[in-house]
Amino acid sequence: MVINNFLSKQEIVSYLQSSGAQLKALYARSAQLRDKYVGSAVYLRGLIEFSNICEKDCLYCGIRKSNATYERYELTVEQIVASAMEAERLGYGSVVLQSGEWQSGEFVEKLGQVLKAIKTKSEGKIGITLSCGEQPKEVYRYWFECGAHRYLLRIETSNKQLYESIHPRNEKHQFEKRLECLETLKGLKYQLGSGIMIGLPGQTVEMLADDLLFLQKLDVDMCGMGPYIEHADAPLSNSKKSMFSLDERYRLSLNCVAALRILMPDINIAATTALQAIKPLGREVAIEIGANVMMPNVTPVECRGDYLLYSNKPCVDESPECCASCIDHRLPLSGYKPQYRKWGDSLRYQNRSV
Ligand code: SAH
Ligand code: SF4
């Protein structure tokens, strides 16, 4: 059986705004629940940003279709499989294959080949998460049959009005479609991951509380959420709406991690890279207060500079080895240990089948 705690919207708002002794108590409770339910091990996923080709124009994102400043790339099947094997060599039990959103038969088929090859070459040792945006049901099903078993699709914000203010108003960027994809993925038995951006122009603490309740209602197995960070070539960076400062976005992101851990003690929660873009040890702090997943980058270093979703993205010039050494050396500072060579499925997913 899955484990939920019930909090009112007002209680969550108060958690998100807490400071001093109340904040300390919040973090202590979330860390305690994490230790009790999912344990102190930190699961690892090697992140492979395999293509920055995108058909969408999300107003916040650096690799949106209309941004001509990046060279567009697409790793070959062999390169993606080699990156996955590099992840295995470094001891990561799972990989995340992430890309821009691209709906084409060629793309679907190619990713199918990649999935099958990773399964065969690693003898099933590597767990595979996909993060390739909105796709038709038959495509999600095909990729599942080829070996993917987790899918990450952030709702970005559960507030329809806010969602519409951060996307172009056309049929390619529809809130209802995003919701439909999340339901489809769930129906297909993927381990479902979703999440939000924190500190968007016009976003309030009340909206964030609704987001956390939305994630609980959606019954996600995994969550990745982190601060929104401006990208100079993305139009949202010119917004005149009221916004939290970067420091406030960082703090709110940590508080969201802690509050979600209380709401859903048995899910996997990622310590996201965007936290590290604001504070060098942001990910480790997130682990201390309730997150239990890290995603070290294994993308070939020559592509990283063209996959900048936001400014100040960390580790752009670093090799997979460098990111591995961060996990080895920095993570233990938080008192938590990386868990090598384990898929690291979420306990909630396992609990659901009991
Ligand atoms: N194309 C896929 C996956 C790649 S984008 C998709 O959109 O689902 C992965 C995530 O990066 C997005 O879901 C979004 O939450 C995050 N992202 C994009 N631009 C960002 C920014 N400026 N600041 C913080 N996160 C951002
Ligand atoms: Fe494309 Fe994803 Fe960026 Fe939107 S967030 S522009 S879908 S890569």
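So, restricting to helices (runs of 4 or more DSSP H) that lie completely within the stretch 166-274, which ones have at least 3 residues that are more than 10 Å from ligand 1 (Cβ to nearest atom), in contact with a helix residue (DSSP H, G or I) (Cβ under 8 Å, 6 or more places away or on another chain) and closer than 30 Å to residue 28 by Cα? Explain how you work it out, then say what you get.
Numbers: elements: 175-187, 205-218, 246-263.
In the stretch 166-274, 205-218, 246-263 are the helices (runs of 4 or more DSSP H) which contain 3 or more residues that are more than 10 Å from ligand 1 (Cβ to nearest atom), in contact with a helix residue (DSSP H, G or I) (Cβ under 8 Å, 6 or more places away or on another chain) and closer than 30 Å to residue 28 by Cα.
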Every listed condition ((1) assigned to a helix (DSSP H, G or I); (2) touching a Cys at 6+ places or on another chain (Cβ under 8 Å); (3) not basic (Lys, Arg)) holds for residue 114 save (2)
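Among the listed residues 8, 51, which satisfies the condition of being under 24 Å from residue 228 (Cβ atoms) and modelled with pLDDT of 95 or more?
Working: 8 fails: under 24 Å from residue 228 (Cβ atoms).
Sole residue among the options that is under 24 Å from residue 228 (Cβ atoms) and modelled with pLDDT of 95 or more: 51.
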Taking residue 228 and the conditions (1) crowded, with 21+ Cβ neighbours inside 10 Å; (2) under 20 Å from residue 290 (Cβ atoms); (3) not aliphatic (A, V, I, L, M), which numbered condition does it fall short on, given that it satisfies the others?
(2)
With the requirement that a residue be more than 24 Å from the chain's Cα centre (by Cα) and part of a helix (DSSP H, G or I), what does the stretch 10-23 give you?
10, 11, 14, 20, 21, 22, 23
Just to be sure I understand the filter: pairs with C-beta atoms under 6 Å, separated by 6 or more residues or on different chains, first member in the stretch 225-249 and under 19 Å from residue 270 (Cα atoms), second member near ligand 1 (Cβ under 7 Å from one of its atoms) and among the hydrophobic types (A, V, I, L, M, F, W, C). Which pairs pass?
226/274; 227/274; 228/197; 229/274
Among residues of the stretch 92-107 being within 16 Å of ligand 2 (Cβ to nearest atom) and outside any loop (DSSP other than H, G, I, E, B), the residue nearest to residue 79 (Cα to Cα) is 97
Looking only at residues that are polar (S, T, N, Q) and in a loop (DSSP other than H, G, I, E, B) in the stretch 306-354, which one is surrounded by the fewest Cβ atoms within 10 Å (Cβ to Cβ)?
353
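Here's the yes/no breakdown for (1) closer than 16 Å to residue 323 by Cβ; (2) within 16 Å of ligand 2 (Cβ to nearest atom); (3) outside any strand (DSSP E or B); (4) not hydrophobic (A, V, I, L, M, F, W, C):
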site	(1), (2), (3), (4)
25	no, no, yes, no
34	no, no, yes, yes
39	no, no, yes, yes
63	no, yes, yes, no
67	no, yes, yes, yes
71	no, yes, yes, yes
86	yes, no, yes, yes
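Does residue 201 count as in contact with a Lys or Arg (Cβ under 6 Å, 6 or more places away or on another chain) and either within 20 Å of residue 231 (Cα to Cα) or surrounded by 23 or more Cβ atoms within 10 Å (Cβ to Cβ) (or both)?
Details: in contact with a Lys or Arg (Cβ under 6 Å, 6 or more places away or on another chain): yes; either within 20 Å of residue 231 (Cα to Cα) or surrounded by 23 or more Cβ atoms within 10 Å (Cβ to Cβ) (or both): yes.
Considered against the rule, which asks whether it is in contact with a Lys or Arg (Cβ under 6 Å, 6 or more places away or on another chain) and either within 20 Å of residue 231 (Cα to Cα) or surrounded by 23 or more Cβ atoms within 10 Å (Cβ to Cβ) (or both), residue 201 comes out as yes.
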Somewhere in the stretch 129-143, is a residue among the basic types (Lys, Arg) and either in contact with a strand residue (DSSP E or B) (Cβ under 6 Å, 6 or more places away or on another chain) or within 15 Å of ligand 1 (Cβ to nearest atom) (or both)?
no
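The values are calculated or read from the model by the stated rules, or taken from the named source; none is laboratory data. A quick note: this is a predicted structure, and the numbers were derived from the prediction, not measured. FYI the Cβ positions are ideal-geometry reconstructions off the backbone, even for glycines, and counts take in every protein chain you see.
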